[in-house]
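To start, the structure itself, in structure tokens.
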Amino acid sequence: MMTNRTMLAAVQRVAAIARPFQRPALAVAAASRKMTLASASTISLSNSSSIAKDSATASTTKISPDIQARLDMDKKTMQSVIAESTAKGENAWEQMWQEGATPWDKGTASPALVKLINEDRIPEGRVLVPGCGGGYDLVALASPTRFAVGVDISPTAVAKVRETLSKHQVPGNQAAVIAADFFTFTESDLPAHATTSADGTATPQFDAIFDYTFKCALPPAWRPRWAARMAELVRPGGTLVTLMYPLGDHLDGPPFAVTPDGYRELLCDAFDEIEVSDCESFPARVGREKLGVWKRKA
Ligand SMILES: C[S@@+](CC[C@H](N)C(=O)[O-])C[C@H]1O[C@@H](n2cnc3c(N)ncnc32)[C@H](O)[C@@H]1O
């Protein structure tokens, strides 16, 4: 059974992880829901007055001001712990997926991507989605002429993607997902469909890559590495689509802030800019993202 201390830690983890990706009211509601459930099972253990007071109102979704203050205080610490843990090469993302602390997961494909697909602006062939999360973008991308490959570092996320692909009856020759690190996976980790070009030649490069909320999830110090890996993985003449989110200049994260000029600086050596424009967005992200389309130089 959870002690009061571990219960509070769980609430803090979820709230701290959730808040940066969603509106504050939703994050507090998520934390409150957890607190209400946890309080119900720990009421008899409580000696602390603040916890006892909260337990007394366990049937409501209200969170007490002292707990809220502690959650607020810990938000930045927890963000930096996740960032630091990721920077050390640990898989903090798997923990988030295991705990269901995935507020970025919208349960559906990105509106901007769907529009691009409907306008025939995503190349056919092999398309990579790094940090594919729940895999909904793979479902949208998969077609008889396009093989969509997701890469995610979290085995729990990858299991979820497989369920999603199966639920949507996506054939195995149209989409696949691998549990791997974007920076280090090799050709041998990929399914055969992902390494064979239209003319039958074997190639580890992709016709297109779609990046949404992946770059912003990485420590900013890794951005040159991110750009170098993109240049390595997109074939000459191929397309990189970057849905830039969250636009801004805040320093904490994930999600870390991005700017169109930041992308330009990172990509200009290996890619030509095709467009940077406003785009369709999930309602909570309207005005906070832009579409970038880049063509790999020969
Ligand atoms: C903020 S989530 C975004 C998920 C998805 N793109 C979406 O829009 O819902 C970032 C995802 O990247 C994955 N991830 C983080 N670092 C990774 C890495 N080095 N290689 C592959 N996946 C990674 C995480 O497990 C997580 O699913």
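Placing +1 on the Cβ of every Lys and Arg and -1 on the Cβ of every Asp and Glu, with no other charges, gives the range 169-257 a dipole of roughly 120 debye about its Cα centre.
Projecting the Cα atoms of L233, A194, V286 onto the charge dipole of the range 166-298 (Cβ charges, centred on the Cα centre) puts A194 farthest toward the positive pole. Rounded to the nearest 20 debye, what is the charge dipole size of the range 84-130 about its Cα centre when +1 sits on each Lys and Arg Cβ and -1 on each Asp and Glu Cβ? That gives a dipole near 180 debye. Listed peptides 241-254, 119-132, 278-291 appear in the order 119-132, 241-254, 278-291 once ranked by packing, highest mean of other Cβ atoms within 10 Å at the front. Ranking W93, G131, S110 by Cα position along the charge dipole of the range 75-150, where only Lys, Arg, Asp and Glu carry charges on their C-beta atoms, puts S110 farthest toward the positive end.
If only the Cβ of Lys and Arg carry +1 and only the Cβ of Asp and Glu carry -1, the dipole of the range 111-296 around its Cα centre is close to 320 debye.
Each value in this text was obtained by applying a stated rule to the coordinates, not by laboratory testing. Only a predicted model underlies this, so the values are computations on that prediction, with no experimental measurement involved. Reconstructed Cβ throughout: ideal geometry from the backbone, glycine too, with neighbour counts over all protein chains shown.
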